[in-house]
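Participant: A single structure is presented below for examination.
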Amino acid sequence: MTQTCSATEKDDQEIVPFRTIQVHPSRKCNLACLHCYSGSGPGEKKMLDIDALKKFLEYAYTQGFNNLSVSGGEPFLYDHLKELFVFSKQLGYRNNMVSNGMLLPSQRNRDILEYVDLIAISIDGKKDLHDHIRGQKGAFEKMMKGVAVLQSMQKNFGFIHTITPESWDALLWLGAFAFDHGAKLLQLHPLEMYGRATETLTGMVVDDTLAHQAYIMANYLQVKYDGRMAIQLDLLHRDYLEAFPQVVDTFSRQCAKKGRLPDLLDTIIVEETGRILPIAYGFDASFTIGNVHAFNNDLFEKFIADKIPAIKILFAATMERILLNKRADIVNWSEILIAESRKHNHYA
Amino acid sequence: MPDEKKFEDALMKVLSMGKMDKSKLSVVSSAIVALKKQGFEIDQVNIKGRVQPDRVIVNGIPFPDFIRKFQFPEVPIRVVRLFPHGIINPEWKTQVEFGI
């Protein structure tokens with residue numbers, strides 16, 4: 001059993017916290033959504049080499065990573081998706097993925113679902129708004145056909161929604177929609193001004209007022225669907241962060257003392273180029289861990305020695321910035337952290 | 001349910017008015033976070049595009065009813081872990097991790 005993070009040595013035999021590798025095997029997509037953070041679209045052709053990825057997953061598993069989350073692009077357009085999931089499942093990973101759901105009805109993709117533990121379907125709001133942001137009339141209806149496949153196969157699935165100024169007042173509707181269709185999870189993530197959104201949705205910034213509205217509504221939905229559907233909001237109140245920094249600050253957790261990479265970072269990213277980044281898509285390239293096409297078995301050790309000290313300082317500076325900014329009560333930690341990482345000269 | 005609909009209409013009205021006066025929203029959000037800090041709820045965040053893993057960390061003093069809330073009929077709890085290890089009825093701030 002993988003041993004990663006626990007309070008006592010004795011616990012190591014029993015507890016395995018999730019440590020995630022988020023893989024973007026391709027930016028190829030059947031859509032070109034207005035808010036896409038990876039700038040994916042139909043014109044993107046590059047695909048991650050499956051053999052290199054498998055070799056890296058094998059290495060990372062021995063180091064303590066155990067949760068695979070595939071994003072994109074549309075993951076179902078990755079030629080080697082089944083091979084990837086079969087391999088990662090055999091190794092012991094838990095397989096998760098995010099999809100627009102439109103390609104689910106094919107037999108090939110139904111077969112792939114057999115190896116998926118949890119799939120989240122992206123939804124941008126009611127039909128008209130969804131189609132607008134997806135840039136395709138009929139996208140909502142096609143997505144619903146995919147949801148019907150998940151229902152018929154009795155798969156565990158959820159919905160992921162990007163909160164925008166145009167969608168927040170439909171969150172009550174969205175909760176009922178997700179629950180009525182059998183979702184086990186409704187994940188609410190605020191729009192981040194990154195990727196295509198910086199060109200197409202400049203007027204849709206999630207300000208503190210909207211963050212408050214989403215925060216209150218999400219908490220109401222948590223109560224409403226308590227025990228029946230999980231509501232996950234990717235925003236934190238500043239006071240909560242101050243009281244429990246370990247929610248995001250992995251370095252303040254007890255397991256960080258063990259010093260292996262999965263004890264220090266919850267998530268690493270593999271881009272379609274093979275580049276491995278810490279923490280989140282868009283993190284500054286100066287913090288690159290390596291590349292799946294060329295790495296040695298001391299990859300993580302070297303990264304810890306070379307770059308973790310700077311990341312620790314970055315975390316502390318981000319936390320300080322958030323706690324000092326009394327104008328923003330509700331914060332998107334990862335967006336602020338990524339923005340701070342780009343001031344890398346301060347930390348390098 | 002009529003009461004639920006009535007409450008939700010009122011909630012939407014308050015939230016919509018918040019566009020003009022954020023201070024009212026701040027009061028409500030502060031009340032929510034005050035409850036969370038007592039261990040009634042847990043917050044976690046995910047990076048964009050990562051699905052919420054099926055595990056939660058509780059920070060605070062977990063009340064018995066709080067733990068009961070995680071008994072989803074379809075998803076039995078496999079692991080319950082308390083920090084500091086071995087504390088069954090913690091009287092101080094602690095951390096609980098559930099694997100479901």
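The values are calculated or read from the model by the stated rules, or taken from the named source; none is laboratory data. Everything quoted here is computed from the prediction, not taken from an experiment. Here the Cβ is made from the backbone with ideal geometry for all residues, glycine too, and neighbour counts use every protein chain on show.
Participant: Of the residues that make up the stretch A:297-316, is at least one aromatic (Phe, Trp, Tyr), in contact with a strand residue (DSSP E or B) (Cβ under 8 Å, 6 or more places away or on another chain) and either farther than 30 Å from A:Leu172 by Cα or not in a loop (DSSP other than H, G, I, E, B) (or both)? Please lay out each step first, then the result.
Facilitator: Within the stretch A:297-316, the first condition is being aromatic (Phe, Trp, Tyr), and the residues that meet it are A:300, A:303, A:315.
Cutting the leftovers down to in contact with a strand residue (DSSP E or B) (Cβ under 8 Å, 6 or more places away or on another chain) gives us A:303.
Filter once more, keeping what is either farther than 30 Å from A:Leu172 by Cα or not in a loop (DSSP other than H, G, I, E, B) (or both): A:303.
Checked the stretch A:297-316: at least one residue is aromatic (Phe, Trp, Tyr), in contact with a strand residue (DSSP E or B) (Cβ under 8 Å, 6 or more places away or on another chain) and either farther than 30 Å from A:Leu172 by Cα or not in a loop (DSSP other than H, G, I, E, B) (or both).
Participant: Ok, one more. Which one of these does A:Pro42 not meet: (1) over 20 Å from the mean Cα position of the chain (by Cα); (2) farther than 25 Å from A:Gly101 by Cβ?
Facilitator: The one condition A:Pro42 does not meet is (2).
Participant: Let me ask something additional. I'm checking my understanding of the structure. Among residues of the stretch A:66-89 that are surrounded by 18 or more Cβ atoms within 10 Å (Cβ to Cβ) and among the hydrophobic types (A, V, I, L, M, F, W, C), which one is nearest to A:Asn109 (Cα to Cα)?
Facilitator: Within the stretch A:66-89, the match that is nearest to A:Asn109 (Cα to Cα) is A:Phe76.
Participant: Return a yes/no flag: does the stretch A:282-293 have any residue that is within 11 Å of chain B (Cβ to nearest Cβ), touching a residue at least 24 places away in the same chain (Cβ under 8 Å) and either under 24 Å from A:Asp79 (Cα atoms) or surrounded by 16 or more Cβ atoms within 10 Å (Cβ to Cβ) (or both). Break it down into steps so the answer makes sense when it comes.
Facilitator: Looking only at the stretch A:282-293, we keep the residues that are within 11 Å of chain B (Cβ to nearest Cβ), and these are A:282-283.
After this cut, where a residue has to be touching a residue at least 24 places away in the same chain (Cβ under 8 Å) as well, the list is A:282-283.
Filter once more, so that each one left must be either under 24 Å from A:Asp79 (Cα atoms) or surrounded by 16 or more Cβ atoms within 10 Å (Cβ to Cβ) (or both): A:282-283.
Yes, the stretch A:282-293 has at least one match.
Participant: Got a sec? Which strands (runs of 3 or more DSSP E) wholly within the stretch A:148-240 have at least 1 residues that are within 9 Å of another protein chain (Cβ to nearest Cβ) and among the acidic types (Asp, Glu)?
Facilitator: Details: elements: A:157-163, A:185-190, A:230-233.
Fully inside the stretch A:148-240 and qualifying: nothing.
Participant: Also, I was wondering about something else. Give the residue, chosen from A:Tyr78, A:Tyr115, that is away from chain B (no Cβ under 14 Å), among the hydroxyl-bearing types (Ser, Thr, Tyr) and under 23 Å from A:His35 (Cβ atoms).
Facilitator: Values: A:Tyr115 fails: under 23 Å from A:His35 (Cβ atoms).
From the options A:Tyr78, A:Tyr115, the qualifying one is A:Tyr78.
Participant: Ok, one more. Considering A:Asp79, A:Asp51, A:Asp111, which residue is part of a loop (DSSP other than H, G, I, E, B) and modelled with pLDDT of 95 or more?
Facilitator: Among A:Asp79, A:Asp51, A:Asp111, only A:Asp79 is part of a loop (DSSP other than H, G, I, E, B) and modelled with pLDDT of 95 or more.
Participant: Counting only residues that are within 14 Å of chain B (Cβ to nearest Cβ) and basic (Lys, Arg), how many does the stretch A:95-112 have?
Facilitator: First, pick out the residues of the stretch A:95-112 that are within 14 Å of chain B (Cβ to nearest Cβ): A:95-101.
Right, trim to basic (Lys, Arg) and you get none.
Final tally of qualifying residues: 0.
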